[in-house]
Amino acid sequence: MKITPLESWIARKIGYPAGGPPLTRQAIETRQLERLRETVGLAAKKSAFYRIHLKGLDEDKLSRLEDMADLPFTAAEDIRRNPLEFLCVSRGEINRVVTLPTSGTTGDPKRIYFTQDDRELTIDFFSHGMSTFTGPGDKVLILLPAERPGSVGKLLVEGLGRLGAVGIPHGPIKDPWSTLDLIARERVDTLVGAPVQALSLARLGASRETAVRNALLTTDHVPEAITAELRNIWGCEVFNHYGMTEMGYGGGVECEAHFGYHMREADLFFEIIDPDTGTPVEEGKPGEIVFTTLTRRGMPLIRYRTGDLGRFIPRRCPCGTVLKTMERVKLRLEGSVELGSRGTLSMADLDEPLFGLPGLLDFSAVLTRETDRDRLHIEIQAMEGGSEQLAESARSAIEAAAAVRAAIREGALRVSIAIRLERQFTPSPGKRRIADQRRTGAQQK
Ligand SMILES: [Zn+2]
């Protein structure tokens, strides 16, 4: 089995001698500590936000990685309030601004700034990460936003170019049929996109010459049911990627062993904390993922709380790398809704049973309040044929979820299902969540 290509890349990036002894954890962590000190020093001097936020703390206090736990967190809300205060360079050095819409009703969007050098870090990661399963001459269809210069899709095209591969910047699917035509015409080898996007292509194109060799799934959590279906229909390898714009898009990617994501440890320092107490958890225990940038200069982030829940896998990956491996991220803290007197439900709880049903392409979930109980309305986009049976199976699958079952038994919930059969439909492009409309006007939890 091939070791993750991220290992030799990271070894080079941290100045580890080529052809020398194998990379060690100690070498990675020594360099991470140096970079953390530089980042904290830079931010405390140059960023108006961190000058106050880190007051009284200086980089000399960091003598071990564990000392990072003494630094305060950075919240999404901090960035939302005044993103410009995070800058460590002049406005003129900012090459790209990414505006992220907010998920609730909290007003301002989040803005993330990148310099030319910051963008280069992302392209470099994409190039090495994609080399896990892509090589010269391969065609890669990119179902991620790719219109603007500096967008994730454009950076991926650049990274692929360095491998001699051809990236096709397609953007999220508008019409699956025309995307399937493109896959057949261009003889695409690899797809990169959100899980639901890939599923709709696989199921709709099952009888056509549209099989790809690899699918890299990103943007949203990846249901096992979708991975299994892509493998089954296309006979392809399915890789998972974890990242977010705040990380400079990329965070970690699986190797051939599909054991979990290997992390981008030369550029990012990851911690897992207890979301309630803020204390780092024991290695291998689940908690909220927090990261600090190690090499970004425009807008470094220190102990940024991602809102994603994950854990490090304490065992070594079968590929043999010393890089840390993170288990597939399934949940976001803000993605769960409360049901009945005790239960919580997330999109992931619905995804596993529903995406396993044949003929289902996508669905949305909306929670509303009726006079005496809540109503969970599931609208399913289905393939033509067999819809009555699909509604029945969907109902059993949803009602089998523990929180749903308990809330129904309490008389606190009813489930309604609608099936749509439009030939033309647009699969969800990004992160999907249960829309909680029970308290209109209030912030969604
Ligand atoms: Zn591995």
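Could you tell me which GluC sites (Glu not before Pro) in segment 374-441 are loop residues by DSSP with no more than 14 other beta carbons within 10 angstrom of their beta carbon?
Answer in residue order: E384, E410, E422.
With bins 20 Å wide beginning at 0, the percent of Cα pairs of the chain falling in each bin runs 24, 56, 20, 0. As a calculated quantity, the FRET efficiency between A69 and E209 at R0 = 60 Å, using C-beta atoms, amounts to about 0.65.
Here the relative contact order of segment 199-264, from alpha carbon pairs under 8 Å that lie six or more residues apart, stands at 26 percent.
Remark: the W177-D60 segment gains 36.3 nm on full extension, using 0.36 nm per residue and subtracting the alpha carbon distance. With contacts taken as Cα pairs under 8 Å and at least 6 residues apart, the chain reaches a relative contact order of 15 percent. Kindly state, to the nearest 0.05, the FRET efficiency for D274 paired with V366, given R0 = 56 Å and r defined as their beta-carbon distance. With R0 = 56 Å, the Cβ-Cβ based efficiency is 0.95. Per residue, segment 56-115 exposes an accessible area of 52 Å² to a 1.4 Å probe, with every protein chain left in place. If one computes the Cα centroid of segment 21-99 and of segment 248-281, what distance in Å separates the two points? First find each Cα centre; the distance between them is then 17 Å.
Computed about its Cα centre, the charge dipole of the chain is approximately 560 debye, with only Lys, Arg, Asp and Glu carrying charge at their Cβ. Rolling a 1.4 Å probe over the protein heavy atoms leaves K61 with an accessible area of roughly 120 Å². Shown is the FRET efficiency for Q424 and D108, computed with R0 = 25 Å from the Cβ-Cβ distance and rounded to the nearest 0.05: 0.10.
The values are calculated or read from the model by the stated rules, or taken from the named source; none is laboratory data. All values reported here derive from a predicted model rather than from experimental measurement. Positions of Cβ are backbone-derived with ideal geometry, glycine not excepted, and every protein chain shown enters the neighbour counts. The protein model used for the area step is the full one, side chains on, heavy atoms only, and it has no ligands, DNA or RNA in it. Shrake-Rupley method; radii C 1.70, N 1.55, O 1.52, S 1.80 Å.
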